[in-house]
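Novice: Let me give you the structure first, and then I'll get to my questions.
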Amino acid sequence: MKLATLANASVVHTRRWVEHFRALGHDVRLYSLEPGWPAAGAGANGFVRLSSPPLPGALRYPLAVPRLKRELDAFAPDLVDAHFVPNYGLMGALSGRRPLSIAAWGSDLLLAADRGGWRRARARFALARASLVLCDARNLAAAAVRSGADRAVVRALPWGVDRSLFRPAAAREPGLLLSTRMHEDVYDLPRVIDAAARVLVARSDAQLVLAGDGSRRRELERLAAARLPRGRYRFLGRIDAGELASWLARAEIYLSASRSDSTSQSLLEAMAAGVLPVVSDIEGNREWVGDGDGAWLFPPGDAAAMAAAIERALADPERAAAARARNAAVIAARGDWHANLARIEACFRALAAGRPLPQEEGA
């Protein structure tokens with residue numbers, strides 16, 4: 001198939017997605033207003049950097065549509081594959097090309113669509129024109145339908161994780177607390193730092209490592225310097241998938257204080273790597289784990305409760321072993337990247353051939 005993927009080329013999830021479908025033999029061309037990774041290619045090699053005036057996103061993305069339409073006319077894709085509803089989903093809808101698949105990533109519908117009438121109208125316009133709406137969690141699929149998607153074209157399909165990459169190591173570092181969330185408000189990393197500060201005081205072997213980057217990075221570094229013991233915390237910045245998998249394989253506790261999520265790729269990676277999840281009690285997480293059922297949960301925004309959950313996880317090796325075994329089984333059953341992407345590929349093939357979408361499993 002010839003796939004035209006519209007997405008933020010600077011995001012690691014875009015890279016994994018594009019490289020996966022290219023490895024299957026599909027001709028994938030990536031169109032993005034953001035810069036791509038070095039091997040993304042350029043022009044005829046597979047990456048087209050779209051340009052637009054330096055304006056707010058609500059204007060910048062639609063203004064890139066005329067160039068996108070010319071590029072799509074030249075490429076003549078079998079399917080347009082757009083990621084994130086308000087920007088590339090909207091561009092895909094405005095391009096007029098069909099069939100159109102739109103992948104929602106979570107905050108685009110769980111948060112952004114509720115912030116104002118313009119945002120709701122934008123989401124409704126894009127979703128109503130999609131031949132397929134991919135959602136990685138049930139709560140996100142429900143939000144897509146509320147936002148204007150036809151229920152018949154919505155598929156709740158988590159991407160899953162590469163189990164050959166994300167797997168446990170032979171030994172773990174006792175007391176290693178690891179966060180892999182981006183440094184943005186929705187992930188509430190100040191609460192992670194506050195909770196870790198309590199644990200590091202109580203446990204001399206504990207340390208906090210934060211992978212990722214984002215607009216709050218400097219603010220978080222200042223908070224960590226003020227709250228955490230010197231030499232017992234570390235900011236890694238953006239790291240590649242191999243290094244991320246290595247840290248997860250060694251860590252004892254995975255931390256996430258997210259206030260909103262659909263299916264968190266970071267949580268699935270942690271589960272596959274055998275890290276004990278201490279995560280906020282929100283709907284997206286409860287689709288995969290429960291308190292005492294693979295994880296330790298705490299109310300969002302409550303650093304004291306998060307610290308207590310960390311202590312409980314560290315203090316109960318029998319329950320920890322049961323959680324690791326349970327999470328490995330869940331990932332094998334419904335969180336495997338290759339199995340889940342094969343189902344998405346089957347949807348793409350059906351649309352490209354003009355056939356009905358495959359039925360959802362269990363439907």
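The values are calculated or read from the model by the stated rules, or taken from the named source; none is laboratory data. Please read these numbers as outputs of a predicted model, since none were measured by experiment. Glycine gets a Cβ as well: all are built from the backbone with ideal geometry, and neighbour counts include every protein chain shown. In case anyone asks, the SASA skips ligands and DNA or RNA and just uses the protein heavy atoms, side chains included. Shrake-Rupley method; radii C 1.70, N 1.55, O 1.52, S 1.80 Å.
Novice: If you take the residues of the range 186-213 that are at pLDDT below 95 and under 13 Å from S258 (Cβ atoms), which of them is surrounded by the most Cβ atoms within 10 Å (Cβ to Cβ)?
Specialist: That would be G212.
Novice: Checking R218 against (1) farther than 30 Å from R124 by Cα; (2) touching a Gly at 6+ places or on another chain (Cβ under 9 Å); (3) of a type in the set (K, R), which test does it fail?
Specialist: Exception for R218: condition (2).
Novice: Do you know which residues across the range 36-56 are at pLDDT 60 or above and not in a loop (DSSP other than H, G, I, E, B)?
Specialist: Passing the criteria: P38, A40, N45, F47, V48, R49.
Novice: What helices (runs of 4 or more DSSP H) completely inside the range 240-339 contain at least 1 residues that are in contact (Cβ under 8 Å) with a residue 12 or more places away in the chain, buried (at least 16 other Cβ atoms within 10 Å of the Cβ) and under 21 Å from the mean Cα position of the chain (by Cα)? Explain how you work it out, then say what you get.
Specialist: Values: elements: 241-250, 265-273, 283-286, 303-315, 317-334.
Result: 241-250, 265-273, 283-286, 317-334.
Novice: Could you figure out which of (1) open to solvent by 10 Å² or more (accessible area, probe 1.4 Å); (2) touching a Leu at 6+ places or on another chain (Cβ under 9 Å) isn't true of F348?
Specialist: (1)
Novice: So which of L68, L72 is closer than 22 Å to D108 by Cα, aliphatic (A, V, I, L, M), open to solvent by less than 40 Å² (accessible area, probe 1.4 Å) and modelled with pLDDT of 95 or more?
Specialist: Details: L72 fails: closer than 22 Å to D108 by Cα.
Among L68, L72, only L68 is closer than 22 Å to D108 by Cα, aliphatic (A, V, I, L, M), open to solvent by less than 40 Å² (accessible area, probe 1.4 Å) and modelled with pLDDT of 95 or more.
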